[in-house]
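Each remark here refers to the structure printed beneath this line.
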Amino acid sequence: MFLGNKIIKVEILDKNGLIAVSSEKNFVFPRNIESDEESILIVKGAGLREFEKNERVHVISTTKAGDRIKYPGQVTISLDNQLNVRIIKNRETQVLEERRRYFKIKVNEKGRLLFVVRDDETMRYEEPVPIQIHDINIGGVFMSCAPEVLQQDDTICIDIDLFIDYRLNAIAKVLRVQRYPDGEIKGYGCEFQGLTASQEDYIGKFIYKVQFAQRQKEMANELDY
């Protein structure tokens, strides 16, 4: 079972179901996963956990679109710098999460509003307006800023610091203005416009970095009990 989207991450679970290896690069996922041929996942790196030959594991692949598929596997090569796992094709393969074109996560990130285009008029700010990002996905953001700054159908330019060394500068359209019951503005639902493949990849990496940290925290809390 392979949903045909770009795989951006693989995880190897040991026999206890714990994440033993997690990699967002330096891996080769088999392209022949749907054929009857032998399919081998190769992960390279430094200081990889070593397994016994023929040890049974599980492989979780994560795609850019948010699909997470779990495969049973068997270790064929295990070194401190390379791990080969044969994907076992049987009924144990399962989709862990249904496909979501734009998987959304809650965040609390700061950003800047640089300019607004409204009715063919561009309003530029001498000092960028501070904004707060409350959730993000590859499709857009939900954000807040000074009341009454934005209106529905505005086109905006925003900066968001996703990583320490990367600033996302993007154009977005305000699709909705969300208000509290008393009428005060809660925030703005915005859709990204014309993202490059590189920008989408950075957003995807940021999302899965946050998700991975959340899963690790949840697993640690479960072990404490």
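Give me a count of the residues in segment 142-163 that are more than 15 Å from residue 190 (Cβ to Cβ) and not acidic (Asp, Glu). I'd like the intermediate steps shown before the answer.
Step one: of segment 142-163, the residues more than 15 Å from residue 190 (Cβ to Cβ) are 146-148, 161-163.
Add one more test, that the residue is not acidic (Asp, Glu), and what stays is 146-147, 162-163.
Number of matching residues: 4.
In segment 167-175, is there at least one residue being farther than 13 Å from residue 113 by Cβ and in a loop (DSSP other than H, G, I, E, B)?
no
Within segment 125-180, work out how many residues are in contact with a strand residue (DSSP E or B) (Cβ under 8 Å, 6 or more places away or on another chain), loosely packed, with under 12 Cβ neighbours inside 10 Å and at pLDDT below 90.
Count: 5.
Taking the condition modelled with pLDDT of 90 or more, exposed (fewer than 13 other Cβ atoms within 10 Å of the Cβ) and either under 19 Å from the mean Cα position of the chain (by Cα) or not assigned by TED's automatic domain parsing to the domain that holds residue 25 (or both), does residue 122 pass? Talk me through it step by step, then tell me what you get.
Working: modelled with pLDDT of 90 or more: yes; exposed (fewer than 13 other Cβ atoms within 10 Å of the Cβ): yes; either under 19 Å from the mean Cα position of the chain (by Cα) or not assigned by TED's automatic domain parsing to the domain that holds residue 25 (or both): yes.
Judged against the criteria, residue 122 is a match.
Identify the single condition in (1) closer than 30 Å to residue 18 by Cα; (2) assigned to a strand (DSSP E or B); (3) not polar (S, T, N, Q) that residue 159 does not satisfy, given that it satisfies every other one.
Failed condition: (1).
Among the residues of segment 186-205, how many are farther than 19 Å from residue 173 by Cα, of a type in the set (D, E, K, R) and in contact with a Phe, Trp or Tyr (Cβ under 9 Å, 6 or more places away or on another chain)? Before you say what the answer is, go through the steps one by one.
Step one: of segment 186-205, the residues farther than 19 Å from residue 173 by Cα are 198, 201-202, 204-205.
Going one step further and asking which of them are of a type in the set (D, E, K, R), we end up with 201, 205.
Still in the running and in contact with a Phe, Trp or Tyr (Cβ under 9 Å, 6 or more places away or on another chain): 205.
Total meeting the criteria: 1.
Of the numbered conditions (1) modelled with pLDDT under 80; (2) surrounded by fewer than 17 Cβ atoms within 10 Å (Cβ to Cβ), residue 117 satisfies every one except a single condition; which is it?
Among (1) modelled with pLDDT under 80; (2) surrounded by fewer than 17 Cβ atoms within 10 Å (Cβ to Cβ), the lone unmet condition for residue 117 is (1).
Which ones in segment 88-107 are touching a strand residue (DSSP E or B) at 6+ places or on another chain (Cβ under 7 Å) and either at pLDDT 80 or above or assigned to a strand (DSSP E or B) (or both)?
The initial filter retains those residues of segment 88-107 that are touching a strand residue (DSSP E or B) at 6+ places or on another chain (Cβ under 7 Å), namely 88, 90, 92-97, 104-107.
Within segment 88-107, 88, 94, 95, 96, 97, 105, 106, 107 qualify.
Does residue 31 qualify as being charged (D, E, K, R) and either modelled with pLDDT of 90 or more or surrounded by 13 or more Cβ atoms within 10 Å (Cβ to Cβ) (or both)?
Numbers: charged (D, E, K, R): yes; either modelled with pLDDT of 90 or more or surrounded by 13 or more Cβ atoms within 10 Å (Cβ to Cβ) (or both): no.
So residue 31 does not fit the description; no.
The values are calculated or read from the model by the stated rules, or taken from the named source; none is laboratory data. Remember, it's a predicted structure, so these values are computed and weren't measured experimentally. When we count neighbours, we look across all protein chains shown, and the Cβ atoms used for this are built from the backbone with ideal geometry, even at glycine.
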